[in-house]
1. I need the peptides 70-80, 17-27 ranked by packing, meaning the mean over residues of other C-beta atoms within 10 angstrom, with the highest value on top.
2. How large is the helix-only mean residue ellipticity at 222 nm for the chain, computed as the sum of -39500 (n - 2.57) over DSSP H runs with n ≥ 4, divided by its residue count, in deg cm²/dmol to the nearest 500?
3. Can you list residues from other chains, or at least 5 along the same chain, whose modelled amide H is less than 5 Å from the amide H of Tyr187?
4. For the range 25-182, what is the percent of antiparallel DSSP beta bridges, rounded to the nearest 5?
5. Which cross-chain or sequence-distant (5 or more) residues have an amide H under 5 Å from the amide H of Val97, H modelled 1.01 Å from N in plane?
6. For Cα extents along the principal axes in Å, the choices are (1) 56, 36, 26; (2) 99, 26, 25; (3) 59, 36, 36; which was calculated from the structure?
7. Name the residue from Thr96, Ala76, His139 whose Cα lies farthest towards the positive end of the charge dipole of the range 2-148, charges +1 on Cβ of Lys and Arg and -1 on Cβ of Asp and Glu.
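No lab work stands behind these numbers, since they all come straight from the coordinates. Just so we're clear, the structure is a prediction, and the values are computed from it rather than from any experiment. All Cβ positions, even for glycine, are placed from backbone atoms using ideal geometry, and neighbour counts span all protein chains on display.
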Amino acid sequence: MIHNAAYERPKTTALDVTEEGLKATLNVNVIGTISLTRLLALFMLKRGRGHFVVMSSAAGKAPAPGQAVYSASKFALNGYFHSLRSELYRKGIKVTVVCPGPIKTSSVPEASTAGQKGFSEKRVSSERCAELTIIAATHGLKEVWISYQPVLAVMYLVQYMPTIGFWLMDKIGAKRVEAAAQKGNTYSLNLLFGKNKAL
C-alpha cells in the first residue's frame, strides 16, 4: 500500500494558520492515512505479510518555517509508521517511510529566487522520486530521504547535530516565510548568506 496523501495550504506563519486549514491538513495527512492503515493492516496480518510505503516529507524530519501544520502532520506520520513497523515487523508487516524534499510536479511552478532572475529552486522530478521510492521499498529500507541540497544538508544537521541544525533553521525561519510571501525561492542558500536582513 502506498500512502501518498498530501494536503498543504500556501506557506504562512504558524500563528496565521486558520482552524479550517489546521483541521483539513491533519484530517487528510494524518487521520485519513492512519484510518486506512488500520483497516488494511488487519488483512495484511491475516495473510502474514504486507508493506506500507508512506510518502512523508523532509518537513517531517526538520523544521519547515512557513509550513508548521504541514510539518506537524508529517512528523505525526513518521512517528506513527515507525511505531507501527516496530509493533508488527515480526508479523510480516514492513514499512518504508519516504521523506522527499521539494518535488517538481505539474502543479508546482518553478519559483525564482527573489531578486535573481534565471535562478530557480532545484526540485527532484516526480518521476525520479517515484523511481527512488520503488527502489527503497523493494530493498526494504525503513526510511529514505530524497532531495537536492541544501535540503539534504539541513536534514542531516538536524538528525546528527541538532543544536547546529536548529540554530540554522532559527536563523533563516523568518526569511523563509518572507520569501514564500514574495513567491521567491524558499530553499535558497541566500536565506542564510543573502543580504536580506532577518525580521
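1. Order by mean packing, descending: 70-80, 17-27.
2. -14500 deg cm²/dmol
3. Distant-sequence amide H within range of Tyr187: zero hits.
4. 15
5. The list, which skips near neighbours in sequence, is Val54, Glu143, Val144.
6. Computed from these coordinates, Cα extents along the principal axes in Å corresponds to label (3).
7. Of Thr96, Ala76, His139, it is His139.
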